[in-house]
Each structure stands twice: as C-alpha cells, then as structure tokens.
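Encoded as structure tokens, the structure appears first; notes follow it.
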Amino acid sequence: MRVFLTGATGFIGTAIIRELIDAGYQVLGLARSDAGAKALVAAGAQVHRGDLEDLESLRIGAAMSDGVIHCAFNHDFSKYAANCEADRHAIEALGSALVGSDRPLIVTSGTGVVFAPGRLATEEDPAAPSSAMPRSVSEEATASMVSRGVRASVVRLPQVHDRIKQGLVTYLITVAREKGVSAFVGDGLNRWPAAHVLDTAHLYRLALEKGTAGARFHAVAEQGVPLREIADAIGRRLNIPVVSKPAEEAADHFGWLGFFAGMDVPASSAQTQERLGWRPTQTGLISDLEPLA
C-alpha cells in the first residue's frame with residue numbers, strides 16, 4: 001500500500017515515515033525543495049515534488065496513492081487565518097482525487113479547536129466555528145469531503161514532543177531564553193494536552209488502517225499538563241527564574257503566543273484508545289523538557 005504524505009519532511013511527518021515503512025507501507029512524500037527530496041530519499045520514501053499551494057500536485061499525489069495523510073500546515077502565525085484557508089483548499093484538492101473510492105484521507109487538526117470550558121474535550125465535541133477559531137476550517141473541509149463520499153477522518157494534535165521539539169512549548173522556551181525568565185499566566189493551572197511524537201505517528205497509522213468516514217481521533221497521551229509545571233521545567237532547563245505574569249501582560253511578554261499561553265484546553269483520548277487500540281507508551285512532556293544529562 002502506498003501512502004501519500006504531506007508534511008513528510010517535518011517533525012511529525014518524519015516520524016510517520018518511519019512508522020509506515022516499518023509496518024510495510026510505501027511512502028510517497030511531498031517535497032518542495034531539493035533538500036527536502038534528499039531527506040525523503042534518505043528516510044526511505046519516494047518523492048513527489050510540489051507544495052501546498054500547488055493544488056494540482058496534491059491531486060496527482062493523492063491519485064497515485066492508496067491512502068493520504070495530510071500533515072502539512074504553514075505555521076507562520078502572522079498570517080494564521082490565511083494559512084488556515086489555504087489548508088481548506090489543500091484538503092479539497094486531496095479529497096477530490098479520492099471521491100468514489102474507499103481510500104482513506106487523514107486530516108490534521110488540533111485539540112484546541114474545541115471549546116469545552118471546565119471539562120475535557122472529547123472526540124465527540126465538534127470544532128468551534130471557523131469564524132471564531134480559524135483552524136476549524138480544516139475540519140469543515142474534511143466534513144465537506146465526507147459528504148462527497150470520501151473516507152476522511154481527523155487526527156487532532158496536542159503539544160507533540162520529544163527531547164528536541166515540543167510544539168508551542170518550543171516557542172515558550174524561545175521567549176524564556178530571550179526574556180531571561182520562564183513565565184506562566186496567572187496561577188498557571190491552565191492545562192495543555194500532550195503526546196510524544198512516536199506515539200502520535202503510531203496513531204496516524206492506526207487511523208489510516210481503521211478510521212471511518214467522519215471520525216475524529218485525539219492524539220492525547222497526557223490529558224492536561226499545567227502551564228506552571230511546564231514553566232518550572234523550562235526554568236530548570238535554562239537555569240532561569242520562574243515568574244507569573246498577569247493576563248493583561250501576556251501579549252506583551254509572549255507576543256503572538258500570548259493568545260495561547262493562558263488557554264485551559266485539556267482533552268481526552270479515551271474514545272480514540274477504545275476504537276483504535278492506541279496505547280501511548282513514550283515519555284511525557286515534562287520528562288522531555290528536563291535538562292539534558
């Protein structure tokens with residue numbers, strides 16, 4: 001089985017390539033540069049040249065494959081809404097090549113698209129309207145593909161980590177290094193869910209193999225890690241003080257990250273684990289943030 005993978009040279013995509021190849025799949029990875037193409041060949045994948053804005057390249061890649069995992073996203077937060085809308089077009093292009101077949105399309109979203117104040121977000125919760133949460137566009141596009149007969153499902157990501165990268169926490173580390181303090185907002189009890197990149201890659205494969213049209217899966221190993229604990233771990237890692245910032249100072253201190261720094265967005269993966277038999281086994285977020293020995 002050949003799987004077309006966008007975002008193949010990225011942090012999560014690289015782990016997905018290894019997961020799929022080890023399970024006997026062929027991987028056709030999207031590459032927009034010569035360096036990306038070389039990285040894919042070195043990883044054992046085949047190369048399909050193109051990018052997210054070249055919709056015809058996406059359609060061709062999907063048409064050549066037995067399934068699609070769409071993991072690419074432009075994380076330039078200075079034009080976040082535009083990037084989300086571009087993702088809609090990419091999903092529609094990929095899905096158009098799969099209409100009328102049983103070939104799966106796995107789309108990437110985030111657990112943060114659910115508004116569930118005071119409780120765990122679950123797979124049953126719909127995404128907030130894209131007018132309020134631009135990233136929800138990806139799930140709206142997926143639902144549109146499902147209505148056209150595509151076996152499309154969604155994997156919602158938390159903060160995905162290893163020892164080198166940790167999702168939005170990586171940006172928190174950058175801010176802490178620049179400011180000389182590791183900060184959290186208010187009492188720091190707001191929570192972010194997390195999962196190791198290897199567990200996440202395994203979930204993508206299970207979703208590819210077992211996912212049903214319209215399903216939503218949560219790649220959540222830890223339901224919610226308090227931001228105070230994250231800030232403390234960053235402080236230990238960088239050997240700098242840990243401080244609280246009032247909510248009104250978050251934007252000034254964290255920049256664009258200030259919008260996210262105070263969010264309480266815990267999430268459950270109980271249904272995902274039951275439906276797919278997914279059992280995360282890797283290290284937790286705080287462990288991956290601890291100073292290197």
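Along the three principal axes, how long is the stretch 95-201 when you take its alpha carbons, biggest first, rounded to the nearest angstrom?
55, 30, 21
In Å², what does the accessible area per residue of the stretch 134-293 work out to with a 1.4 Å probe? Don't jump to the answer; show the numbers that get you there.
On the way: 6660 Å² over 160 residues.
Spelled out: the 1.4 Å probe surface of the stretch 134-293, per residue, equals 42 Å².
With the calculation restricted to Cα positions, what are the radius of gyration and Dmax of the stretch 151-247 in angstrom?
16.0, 49
Leaving out ligands, DNA and RNA, what percent of the accessible area of the stretch 1-146 is carbon and sulfur, probe 1.4 Å?
Details: 3230 of 6170 Å².
Taking all protein chains in place, the stretch 1-146 shows 52 percent carbon and sulfur surface.
By the scheme Lys and Arg +1, Asp and Glu -1, what is the net charge of all other residues having a beta-carbon under 12 Å from that of ARG88? Don't skip to the answer; put the middle values down first.
Numbers: positive: ARG135; negative: GLU85, ASP87, GLU92, GLU139, GLU140.
Neighbour charge sum, excluding ARG88 itself: -4.
Report Rg (one decimal) and Dmax (nearest whole number) for the stretch 1-144, counting Cα atoms only, units Å.
15.4, 47
Against the empirical 2.2 N^0.38 Å scaling, what ratio does the C-alpha Rg of the chain come to?
Values: Rg = 18.7 Å, N = 293, 2.2 N^0.38 = 19.0 Å.
Ratio of Rg to 2.2 N^0.38 Å for the chain: 0.98.
Where does the charge balance sit around ALA176 when Lys and Arg score +1, Asp and Glu -1, over other residues with C-beta under 12 Å from its C-beta? It would help to have the intermediate numbers written out before the result.
Numbers: positive: ARG177, LYS179, ARG236, ARG237, LYS245; negative: GLU178, ASP232.
Net charge in that neighbourhood comes out at +3.
Could you check what % of the DSSP bridge pairs in the stretch 156-231 are antiparallel, to the nearest 5? Could you put the intermediate results ahead of the total?
Numbers: 4 of 8 bridges.
So the antiparallel bridges in the stretch 156-231 amount to around 50 percent.
Any idea of LEU52's accessible area? Nearest 10 Å², probe 1.4 Å.
Surface accessible to solvent at LEU52 totals approximately 50 Å².
How compact and how long is the stretch 202-293, expressed as Rg and Dmax of its alpha-carbon atoms in Å?
17.0, 48
Rounded to the nearest 5, what is the percent of antiparallel bridges among the DSSP beta bridges in the chain? Don't jump to the answer; show the numbers that get you there.
Values: 4 of 37 bridges.
Just about 10 percent of them are antiparallel.
So for MET133, MET1, what's the accessible-area order with a 1.4 Å probe, most first? Intermediate results must be reported in sequence, preceding the final value.
Numbers: MET133 15, MET1 95 Å².
Of MET133, MET1, the descending order of accessible area is MET1, MET133.
I need the peptides 214-220, 262-268 ranked by packing, meaning the mean over residues of other C-beta atoms within 10 angstrom, with the highest value on top. Each step should come with its number before you reach the end.
Working: 214-220: 25.4, 262-268: 19.3.
Per-residue Cβ counts within 10 Å, averaged per peptide and sorted highest first, yield 214-220, 262-268.
The values are calculated or read from the model by the stated rules, or taken from the named source; none is laboratory data. All of these numbers come straight from a predicted model, not from anything done at the bench. Positions of Cβ are backbone-derived with ideal geometry, glycine not excepted, and every protein chain shown enters the neighbour counts. Just the protein is used for accessible areas: all its heavy atoms, side chains included, with ligands, DNA and RNA removed. Shrake-Rupley method; radii C 1.70, N 1.55, O 1.52, S 1.80 Å.
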